[in-house]
Structure formats: C-alpha cells, structure tokens
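The values are calculated or read from the model by the stated rules, or taken from the named source; none is laboratory data. What you see is a predicted model, and the numbers here were worked out from it, not measured in a lab. All Cβ positions, glycine included, derive from the backbone under ideal geometry; neighbour counts span all protein chains shown. For the accessible areas, the whole protein counts, side chains as well, though only heavy atoms, and no ligand, DNA or RNA atoms are used. Shrake-Rupley method; radii C 1.70, N 1.55, O 1.52, S 1.80 Å.
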Amino acid sequence: MSNPTPEERTQALKFKDEGNAFVKKQDFSNAVKSYSKAIELDSTVSIFYSNRAFAELKLDNFQTCMTDCTEAIKLDSQNVKAYHRRGLSYVGLLEFRKAKKDLDIVLKAKPGDATATNALKICEKFIREERFRKAIGGGADDEARHKICQLVPLNSFDANADLQNYDGPKLEFEQLTNEKNENCGIEIKNMSQDFITKMVNDLFLQGKTLPKKYAAAIVSHAERLFRNEPTLIELENEKANKNVKISICGDTHGQFYDVLNIFKKYGKVGPDHTYLFNGDFVDRGSWSCEVALLYYSLKILFPTSFYLNRGNHETENMNKMYGFEDECKYKYSNKIFEMFSQSFETLPLATIVNGNYIIMHGGLPSDPTSTIDDIRKIDRFAQPPREGLFMELLWSDPQTADGLGPSQRGLGFSFGPDITAKYLERNNLRKVFRSHEVRMGGIFFEHNKKLATVFSAPNYCDSQNNKGAIIHVVPGKGKAGEYNNDDEDLLIEIFEAVKHPDIKPMAYSNGGMGF
C-alpha cells in the first residue's frame with residue numbers, strides 16, 4: 001500500500017465526492033467507477049471501500065461488496081457501515097451466520113438502527129428454520145408450509161372485510177379435494193379477459209387490491225399449472241403453429257405500468273401470441289403484487305400461451321431483501337406471501353424455442369459436459385442451492401474473457417464466449433437469450449452474437465434511464481440488421497418507460513435489508 005502524495009489525496013477526495021453524487025442519482029455503476037478511481041489514487045482510506053461496497057450492494061454484487069467491506073474494516077475497525085454492508089452482502093450470499101456476527105457488531109455500536117435490527121431478525125429467522133429442519137428432518141410442519149397452495153382452505157377467507165365490501169369483478173371458485181377428501185388446491189371456474197381487464201382498470205390502476213380470497217385462488221390455481229409443467233419448456237412456431245408470434249421479455253421487477261405498455265404496444269396474450277417472461281417479475285418496483293397477479297391470471301386464462309421462467313428474485317431471501325415480502329404483507333397478508341413463495345418454487349427454469357434458442361434468467365452451466373437433459377432432470381421444487389446447475393441458471397453472468405471466472409455477485413460464475421459456443425454446439429442450439437442485468441439499450445448481444453441479454457424494465461428503479469427490449473420469434477418475418485445477424489426469424493423492438501404514479505421503488509419496505 002503506497003503512501004499517496006497530497007495531490008493524489010486531494011484528487012481521490014474529488015472522485016469520492018463524484019461517486020457520492022452518482023449514488024444520490026442512483027447511478028450505481030458510475031459510482032463504482034468513481035470510487036475505484038479514488039482507491040487507485042489513495043488506497044489507505046476505509047470509507048472509499050465502504051462507499052464502493054454500498055454501490056456494489058445496490059448492483060447485487062455481493063461478493064465484491066463483501067471484499068470491499070473486509071478491506072474497509074482492515075483499514076478502520078470502527079467503520080460501522082462496513083460491518084453493516086458486509087452483513088447484508090452475507091445475507092445475499094445466503095451466509096446467515098456470518099451476517100448475524102456483523103449485524104450484532106452494528107447493533108452494539110448503534111442499538112437503535114432499524115434496518116440492522118430488521119436484517120438481524122431475518123437472519124435469525126433463517127437460522128432458526130435451518131435448525132428446525134435439521135432437527136425434524138423435514139417433518140409435517142415443513143411439508144405443510146411447502147404445500148400451502150394446495151392445502152389452504154378457501155373458506156378461511158370468507159369472514160374477511162375486504163371480501164364483504166368487494167364490489168369489483170367476480171370470480172367463481174372450487175375447492176379441489178383428493179380421494180382422501182384432503183384439500184389439493186383451488187380452481188377458478190370463470191377466469192376471463194373481461195375479469196382481467198376490470199381487475200387492471202377498476203382495481204389496480206385505481207390503487208385498489210383484490211380480496212385476499214381472490215388473490216389466494218389465483219395463486220393456487222396458477223401454482224398447479226406451473227407445477228405440472230416440465231422444468232425445461234419447449235415452444236415451437238417454426239413447423240407447426242406458424243401463425244403464432246412468440247415474444248420474449250426480460251426482467252420487469254414490479255414495474256406494472258411498463259408491463260401494461262408492453263401489452264399495449266406489442267399485443268395481448270392469446271392463441272396467436274405467446275409470451276415468455278424470463279424471471280425477476282417481482283421485487284424492487286412497488287407494483288410487484290399487481291404484476292404477479294396479472295401474470296398468474298394470464299396463465300390461468302391462456303395456459304399454453306403464457307409462460308414464466310424463474311429468476312433469482314423469485315426466491316425467499318431476495319423477496320425479504322428487495323421488497324416483495326413487505327409489499328405483499330402490506331397489500332394482502334403473510335399467508336398470501338407464503339403462497340406466492342411456494343408458487344415460485346414451481347416455476348420452470350428454462351425454455352427452448354424452435355430447437356434453436358435457449359432462454360434462462362441467469363447463465364450457462366459451469367460443467368463442460370452439461371446438456372439440456374441436465375436441466376430437465378433438476379428437482380426445482382425448492383429454494384435454489386448455493387451451487388450447481390440450478391443456481392447457475394438463475395445467477396450466472398457472461399464475461400468478455402474466455403473460460404470461467406468468479407462472479408461479482410458471489411453466486412454462480414462468469415462465463416466466456418468459448419463456454420457459450422461449446423454449449424450451443426454440444427446441444428445443437430443457435431443462441432442463448434438471458435436477462436438478469438440492466439442493459440442501457442434494452443438488449444445487448446455479445447459472445448460473437450451468440451448470446452443476448454434482454455431487459456424489459458425501462459428506467460429501472462426510476463433511476464437508470466435505460467430502455468426496455470422485447471424479442472419476437474416470427475419465422476420468415478424477422479428483420480435483418482444490427483441485432484439479428486443471420487436470424488431471419490427474430491424481430492427486436494425497443495421501448496421507453498411510461499409515466500406512473502409518484503410512488504418510489506420499494507415503497508412498502510419496512511426498512512428491508514437496509515436498501
């Protein structure tokens with residue numbers, strides 16, 4: 001560690017202030033760059049590292065956040081913010097015991113810190129649940145929690161005031177039972193386009209919610225549909241179904257008004273228009289419940305024309321950190337959140353279109369022998385593990401260099417152009433479509449145009465000024481150009497964000513994880 005000159009110290013402070021200004025604008029990528037310049041000039045200042053860690057945390061780069069915090073603590077063992085941010089990064093890495101140690105230190109220094117207190121409670125809850133599962137080896141209570149969508153009694157919602165006072169569009173339900181007369185889910189008998197339109201226009205756009213009974217029925221019915229789908233969905237409009245357009249969207253993150261704009265601009269779901277949303281449809285944005293209920297209603301009405309891949313944000317720990325749990329409890333109830341959480345465990349992990357394009361939320365497998373059959377064999381009905389193919393499909397990212405590298409996020413890997421090329425050749429595929437990362441133009445092709453990242457949440461978190469994108473697969477009607485290379489069946493369209501009510505991202509979070 002060199003001793004900086006006075007001029008270097010002065011310039012480093014200017015870069016730190018520049019980084020702080022970017023943070024205020026929520027431009028965290030540029031904030032990281034500014035703090036990095038400060039560190040290059042003066043690597044002796046703890047706050048430079050803890051500030052960069054904050055920006056990395058905002059970008060979900062848990063590993064680099066943790067590394068920066070550790071360096072900040074080496075330079076100044078009293079840097080409480082570094083302990084706090086490292087604790088949060090450990091939560092993102094699912095290392096709850098390590099997180100608890102750091103958060104305990106924060107609360108000794110700042111006993112009244114609400115966000116650290118809430119984060120500690122979440123860590124302790126996960127630790128207790130882990131101990132309980134080990135103690136009972138699964139057990140009836142754990143099994144019941146993971147079957148809430150099937151076991152929930154429909155009549156348990158009948159006394160709720162929200163149902164008694166409800167004058168919106170009506171649904172008819174049936175409580176399904178098995179041969180033992182045990183509950184096995186709820187079926188909606190009359191889902192219709194008219195109901196969905198009124199749900200959107202008369203309720204959601206007016207700031208109203210569905211009765212909890214309706215929400216529970218929608219989640220339960222959709223969960224059963226997802227559960228009965230394979231882990232790897234296969235769609236086709238090249239040989240059969242030639243009049244069907246297949247549209248692929250990336251992250252939408254609770255940006256309900258932008259989701260409605262997608263359907264307005266590019267057409268509604270229907271027998272001649274299939275949609276695939278590639279994960280991360282909840283968290284961050286403050287209309288995650290509305291987005292999820294709209295998607296689930298569309299799945300019920302059009303089960304073979306509407307599909308969802310699971311993203312890394314369709315997981316319990318991310319929902320606790322990034323707002324969906326708090327939003328769901330505020331608008332509905334803890335039971336509805338638990339039902340959503342179970343339903344996320346049933347979402348497919350990847351989709352192949354026309355035997356040419358494979359779509360997953362995160363990235364490719366690290367195993368050099370892996371095939372698409374390995375995806376088919378995944379037991380997906382759980383929270384994802386810390387390593388392995390399941391985790392990599394949700395978390396991994398591309399890199400420019402060949403080979404495998406460590407992930408800045410700390411989960412999954414970074415994979416290079418050679419990994420992509422070999423996987424496509426081994427599985428007789430043409431391209432990879434994935435999401436998981438903001439792309440300023442809405443879409444970005446890399447790895448010799450064999451891989452595209454598509455992101456469909458424009459002006460992400462009301463701060464990034466990025467565009468959104470959508471990929472249409474329309475055999476014989478594609479558009480040659482910058483994006484499409486030799487793919488005559490691809491049409492890529494870019495769109496801007498639309499206005500929405502003045503409600504900030506994560507508006508319902510009770511302190512969340514300190515974000």
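Given the condition open to solvent by 40 Å² or more (accessible area, probe 1.4 Å), at pLDDT below 95 and either among the charged types (D, E, K, R) or not assigned by the TED database to the domain that holds S343 (or both), answer yes or no: does some residue in region 193-201 qualify?
No; the residues of region 193-201 include none that is open to solvent by 40 Å² or more (accessible area, probe 1.4 Å), at pLDDT below 95 and either among the charged types (D, E, K, R) or not assigned by the TED database to the domain that holds S343 (or both).
Please determine whether any residue of region 359-366 is within 17 Å of H313 (Cα to Cα), in a strand (DSSP E or B) and open to solvent by less than 10 Å² (accessible area, probe 1.4 Å).
yes
Report those strands (runs of 3 or more DSSP E) wholly inside region 210-325 carrying at least 2 residues which are assigned by the TED database to the domain that holds G412 and touching a Cys at 6+ places or on another chain (Cβ under 9 Å).
Correct list: 273-277.
Can you tell me which of T371, T420 is more than 16 Å from the chain's Cα centre (by Cα) and open to solvent by less than 30 Å² (accessible area, probe 1.4 Å)?
That would be T420, the only listed residue that is more than 16 Å from the chain's Cα centre (by Cα) and open to solvent by less than 30 Å² (accessible area, probe 1.4 Å).
What pairs come up if the first residue lies in region 163-189 and is hydrophobic (A, V, I, L, M, F, W, C), the second is part of a loop (DSSP other than H, G, I, E, B), and their beta carbons are under 6 Å apart, counting only those six or more places apart or on different chains?
Filtered contacts from region 163-189: L163/P211; C184/N178; I188/L171.
Please state which of the following conditions I352 fails to meet, knowing it meets all the rest: (1) in a strand (DSSP E or B); (2) without any contact (Cβ under 8 Å) to a residue 12 or more places away in the chain.
Just one mismatch for I352, condition (2).
Please indicate, with yes or no, whether at least one residue in region 161-173 is at pLDDT 90 or above, in the same structural domain as L347 (by the TED database) and assigned to a strand (DSSP E or B).
Yes.
Can you name every residue in region 374-414 that is in a helix (DSSP H, G or I) and in contact with a Phe, Trp or Tyr (Cβ under 7 Å, 6 or more places away or on another chain)?
Selection gives E392 alone.
Condition first: of a type in the set (A, V, I, L, M) and farther than 22 Å from L347 by Cα. Now tell me which residues in region 182-222 satisfy that.
Once the filter is applied, which keeps residues that are of a type in the set (A, V, I, L, M) and farther than 22 Å from L347 by Cα, region 182-222 yields M199, V200, L203, L205, L210.
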